Structures are given as structure tokens and as C-alpha cells.
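Here is the structure we will look at.
Every number here is computed from the coordinates shown, using simple stated rules; none is lab data. What you are looking at is a predicted structure, and each value in this text was computed from that prediction instead of being measured. Cβ placement follows ideal geometry from the backbone for every residue including glycine, while neighbour counts extend to all protein chains displayed.
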Number of protein chains: 2
Amino acid sequence: MAKTGGTARAATAALDSLDFALDRGSPVPLYYQLAQQLEAAIEHGVLAPGNLLGNEIDLSTRLGLSRPTVRQAIQSLVDKGLLVRRRGVGTQVVHSQVKRPLELSSLYDDLESAGQGPTTQVVRNEREPASPDVAAALAVAEGSEVIVLDRLRLTHGQPVALLCNHLPATLLDLDTARLESTGLYRMMRTAGITLHSARQTIGARSATAEEAARLDEEEGAALLTMQRTAYDDTGRPVEYGTHIYRASRYAFDFQLLVRP
Amino acid sequence: MAKTGGTARAATAALDSLDFALDRGSPVPLYYQLAQQLEAAIEHGVLAPGNLLGNEIDLSTRLGLSRPTVRQAIQSLVDKGLLVRRRGVGTQVVHSQVKRPLELSSLYDDLESAGQGPTTQVVRNEREPASPDVAAALAVAEGSEVIVLDRLRLTHGQPVALLCNHLPATLLDLDTARLESTGLYRMMRTAGITLHSARQTIGARSATAEEAARLDEEEGAALLTMQRTAYDDTGRPVEYGTHIYRASRYAFDFQLLVRP
DNA sequence: GAGTGGTCTAGACCACAAT
DNA sequence: TTGTGGTCTAGACCACTCG
């Protein structure tokens with residue numbers, strides 16, 4: 001029985017009237033079903049920022065779940081930054097509606113190609129011996145064969161970026177036509193490669209005459225540069241990229257979460 | 001009993017000889033003690049990349065812990081990107097030794113001030129009415145009082161960055177002397193504010209004449225720009241920063257983890 | 001078929017925060 | 001003192017991978 005005497009306690013009311021539909025026959029885990037429905041409730045404003053979630057014991061008995069299962073669902077949303085737990089207080093919805101985390105920032109952007117807005121022209125798709133820096137980044141022997149990919153990214157018909165990517169030659173076959181229609185990222189996933197982490201360095205410098213010409217900028221214009229090594233779920237490097245963006249038309253936008 | 005017949009199985013051997021010292025009297029959780037010691041073993045190379053960790057059941061009985069506790073320890077390292085779990089296979093150390101994740105990239109850097117290398121001069125530390133963009137970022141009323149902080153970051157006596165930060169006026173008191181010796185980040189922590197997440201936009205542009213003069217660059221030199229809003233653990237914005245870095249002396253370097 | 005991690009349960013005690 | 005989340009236990013069954 002909740003204390004519904006004052007307005008201060010009303011924060012929990014929203015959840016009381018919520019009922020979650022859990023399908024035990026479904027292959028999707030119960031904690032995940034609960035997490036998704038909680039997330040949806042938060043996203044749709046049914047659970048407003050600051051709302052208390054009610055204690056875990058009540059919630060678990062009400063849902064017919066064990067407490068660890070409910071905790072697992074809640075924890076996943078805490079990890080996403082949607083909920084906050086406070087010992088002795090409760091679990092509440094985070095105040096600022098931080099939108100979609102965008103997860104891998106430009107990573108998907110850069111590797112994708114399909115989609116409405118941006119298009120990508122494959123300028124070069126070959127194999128060549130690895131230079132020292134490429135070999136180091138991909139953890140292969142210097143001089144061993146690697147895939148080199150040069151692409152030009154356009155939005156609204158305007159050049160935005162020069163993308164140069166290197167991949168281990170043994171990783172997959174890259175058909176240029178499929179590459180332009182499907183995107184590198186999807187082709188990697190199809191080949192059973194799941195990206196897991198990436199290390200990025202973002203800097204800036206002035207455009208050379210050649211870069212300026214290719215990007216339709218003035219010589220000396222500010223460019224954003226990015227170097228990235230991406231790793232699969234076993235920690236093996238699967239992609240090394242050196243990208244150049246027109247600063248006048250592109251910026252990196254991402255969210256950081258602090259792990260406690 | 002492990003099958004120690006072949007060399008292929010030797011991967012587990014390293015762990016067998018490891019013994020972990022768990023202190024049940026300590027206030028630090030058992031799963032955390034285990035996680036720290038596993039991480040140390042990985043860092044020191046006792047557990048080499050690719051090594052299997054041995055199954056969770058054995059590990060738990062050997063350590064005198066329950067399986068969920070062991071799983072919690074392992075999971076925390078999986079989240080850090082140090083371990084990989086594969087159903088039907090086992091848990092193994094990730095191949096690439098991805099160094100310290102650096103977590104919040106330049107966030108701590110920018111907010112810190114103490115330390116040997118970089119120093120920070122507080123150029124301005126005042127309160128003023130919030131401009132529209134500042135008010136929006138900090139979720140306060142337009143025109144309400146906010147703290148404005150202008151700082152100059154130096155390394156080796158050379159200017160590196162112009163840092164402009166805005167904070168809600170009610171958040172804390174910023175003594176300039178303490179600010180230069182302690183750093184903004186530590187002062188916020190001391191005030192009970194724990195950073196939780198941040199939203200960043202990184203771009204580039206050419207230096208104006210004034211910026212060039214203050215940063216000891218040529219006019220038109222490439223600059224890195226960064227805008228950030230940082231949130232505490234309740235999701236309230238606690239800091240809004242507009243920073244300018246000399247691209248010739250500074251780059252952002254960070255690691256991204258893909259959440260599965 | 002054997003071994004692995006993935007999920008789930010039904011309890012328990014503790015530390016911390018508010019009242 | 002009461003209620004909350006934080007931690008921990010000792011089992012269970014399932015899904016997947018591999019030989």
C-alpha cells in the first residue's frame with residue numbers, strides 16, 4: 001500500500017497504473033522485455049524525469065519476477081543513463097532527457113553508405129602491401145597484403161569527407177558495387193564480424209591544395225581529421241581509418257558516460 | 001581435472017596457478033575484489049590475450065564464491081572490454097591490449113588543473129546573466145545568474161587552449177586561487193557533485209586575429225572547437241563549456257565501446 | 001553428448017538515507 | 001526506526017558451440 005496522502009508521493013503513481021506485458025514463452029529474456037518497456041515508458045513521458053520507480057521488491061512481486069531479474073532490467077537502464085539508483089532513496093528517472101546516445105558516434109556513419117541523405121563513392125578498392133603505420137594499427141606483418149579503400153562522402157551533392165580505410169586482406173571480400181549500396185559496416189556484420197570497440201584520435205589542420213580541390217574548399221581551410229582503429233569482439237583490429245572532414249560541413253557529436 | 005594433454009589446452013594453465021586473495025572482512029565487495037585482481041593479472045600479462053578463463057562453475061567453487069558473484073566480477077571486466085564471453089566456448093582475454101579507456105576523454109583534462117604538466121590560468125571568474133544558449137544548455141531561466149569562467153591552458157609554458165565554462169550559480173562557490181591549484185573537477189566532487197555523462201560536439205575552424213594572438217598562432221590557423229554539456233548523476237546539467245584548442249598542439253584521443 | 005555461458009528463482013543479510 | 005538499494009548464496013533449466 002503506497003502512501004498516497006501528499007502530492008510529494010505522487011511521483012510513484014505513474015508506475016502503479018503501468019502494466020507490463022511479459023511473455024514467458026518468448027525467447028527474449030524477461031529482464032530485457034522489462035527493460036524495453038521501462039525505456040519506452042520513459043521515452044513516451046509516462047515516467048517523467050524525477051519519478052520514483054518504486055522499490056524493487058514490490059516491483060518484482062507485482063510482475064511475478066524475482067528480484068535479481070528486476071534488478072538486471074533496471075541495471076541495464078542505469079547503464080544507459082536513463083535511471084539513477086540511490087541507496088535508501090530509490091530508483092528514479094534521470095532529469096535531463098538525454099536523447100539517443102548515438103553510441104559509436106561517427107563510426108556507423110562512416111562505415112554506412114546506404115540511406116537517404118549521404119552517399120558514398122568508392123574511389124579506390126584494391127589490395128596492397130601494408131605500410132608501417134597500417135601494419136602496426138592492424139597488427140599484421142609489414143608488407144603483408146591489406147585492403148585499401150578510398151571513398152568520397154557526399155551530402156546533398158556536396159563533398160563532405162575523404163575516407164581512407166584499411167582492412168586485413170583475409171577479413172572479407174569487398175565488392176565495390178555492394179559496397180556503395182550496402183555500406184562497409186553492413187558487409188562486415190554479414191561476414192560475421194561484430195564491432196566491439198574503437199580507438200579514435202580527432203584533430204584539425206589546414207587543407208592542402210589537393211585536399212581543397214577534392215573537397216571543394218579553399219586552400220588553408222580548416223579540416224577535421226580522424227584516425228580510428230576498430231576492434232571486433234575478440235579484440236582483433238578489423239579496420240583502420242584515416243578520415244578528413246570539411247569542418248564547415250561536419251562536426252562530431254557524441255555522448256560520454258562515466259562509469260562509476 | 002583439466003585436460004592437460006595438449007598444448008592447445010595450455011591456455012587455461014595460467015589461471016590455475018593464480019590464487020586470488022579474497023578478504024571477506026573488507027568492506028569492498030567480493031565481486032569487486034575479484035575483478036580488480038583479474039584486471040591486474042591481465043594488465044601484468046599473467047593472463048595473456050586469448051587465454052581462457054576457465055568455466056564459471058569451477059572458478060566459483062575454487063574461490064569459495066557463488067556463481068552469480070563470480071559472474072558479476074567477470075561481467076564488469078567484459079563491460080570494460082577486457083574479457084569476451086562466448087557461449088559454448090568460454091571466457092577469454094581480449095586480443096588487443098587496449099590500454100586505459102581514458103573514460104571521459106578530455107573531460108577530466110579540461111576540468112583538472114592540478115598536476116605536473118599542464119597549468120591553467122583563470123582569466124575571469126564572475127557571475128553574469130545567462131545568455132539564451134547558456135540558459136538552454138544549463139536548463140535555467142534566461143537572464144538568471146550563472147558563473148562564467150574563462151581560463152587559459154598552458155603546457156610547457158605554451159598556450160594550448162582557451163576554456164570558457166558556464167555553471168549554475170547555485171551549484172558551488174569558485175574561489176579563483178583554489179581553482180588554479182585544485183582544479184574545477186575536484187572542486188565539484190568535493191561539493192558532492194558526481195559527473196555522470198556529457199554531450200560533446202567537436203568541430204574545427206580557422207582562428208580569428210584575436211584568437212590567434214591569445215594562442216600564439218597565425219591568423220587563419222586551424223583550431224579544434226569543442227562544446228560540451230556535462231550532467232550529474234541525476235541528469236541535471238552542471239557545466240557548459242565552449243573550448244578552443246590549438247590543433248597544432250592538441251588532439252582528442254578516446255576509446256568507444258559498443259554496447260551489444 | 002559434453003561443456004559452456006545465459007537466464008532465472010527465492011530466499012538472506014548488510015549499508016545507507018530519510019524520518 | 002523504517003525503507004531502500006547493494007551484495008551474496010545455492011541451486012535450476014536452457015541455448016549454444018564444439019567434437
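Sum up the charges of everything whose Cβ sits under 14 Å from the Cβ of A:E142, counting Lys and Arg as +1 and Asp and Glu as -1, but leave A:E142 out.
On the way: positive: none; negative: A:E128, A:D133, A:E145.
So the environment of A:E142 carries a net charge of -3.
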task = Tell me the distances, shortest first, between A:L152 and the same position across the other copies, using label points 7 Å along Cα→Cβ, in nm to one decimal.
result = 4.4
remark   = Env charge @ A:E211, Cβ radius under 10 Å, K,R +1 / D,E -1, value 0
request  = Return, ordered by residue number, the residues of region B:55-80 whose backbone nitrogen is under 16 Å from a label point located 7 Å along Cα→Cβ of B:Q36.
outcome  = B:73-74, B:76-77
ask   = Which distances in nm, rounded to one decimal and ordered from shortest, link the label point of A:L63 to the equivalent label points in the other identical copies, with labels set 7 Å from Cα toward Cβ?
value = 2.7
message = Taking a point 7 Å out from Cα toward Cβ as the label site, list the nm distances between B:R178 and the same residue in every other copy, smallest first.
response = 6.2
task = Run the quick spin-label model on A:R24 and A:H156: label points 7 Å from Cα toward the beta carbon, then report their separation in nm to one decimal.
result = 5.6
ask   = Over the Cα atoms of region A:98-253, what Rg and Dmax result, in angstrom?
value = 15.3, 46
request  = Convert each backbone phi in region B:69-85 into a coupling constant with the Karplus relation 6.51 cos²θ - 1.76 cosθ + 1.60 (shift: θ = phi - 60°), then list the ³J(HN,Hα) values in order as whole Hz, x for Gly and Pro.
outcome  = 5, 4, 4, 4, 5, 4, 4, 5, 7, 4, 4, 7, x, 8, 10, 10, 9
ask   = Mind listing the phi-derived Karplus ³J(HN,Hα) values for region B:135-149, rounded to whole Hz, using 6.51, -1.76 and 1.60 with θ = phi - 60°, and x for any glycine or proline?
value = 4, 5, 5, 8, 6, 10, 5, 4, x, 6, 6, 9, 7, 10, 10
inquiry  = List the residues, sorted by chain then number, that are 5 or more residues from A:V146 or on another chain and whose placed amide H is less than 5 Å from its amide H.
reply    = A:E128, A:A130
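Would you calculate the convex hull of the Cα atoms in region A:194-260 and tell me its volume per residue in Å³? List each step's numbers first, then the result.
On the way: hull volume 7.5 nm³, N = 67.
Per-residue hull volume (Cα only) is 113 Å³.
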inquiry  = Residue by residue through region B:119-129, what is 3J(HN,Hα) from phi via Karplus (6.51 cos²θ - 1.76 cosθ + 1.60, θ = phi - 60°)? Round to whole Hz and write x for glycine and proline.
reply    = 10, 9, 9, 7, 8, 7, 8, 9, 10, 8, x
ask   = Counting Lys and Arg as +1 and Asp and Glu as -1, what is the net charge of the other residues whose Cβ lies under 11 Å from the Cβ of B:A221?
value = -1
note = Interchain or sequence-distant (5+) residues whose placed amide H lies within less than 5 Å of the amide H of A:A204 are A:T225
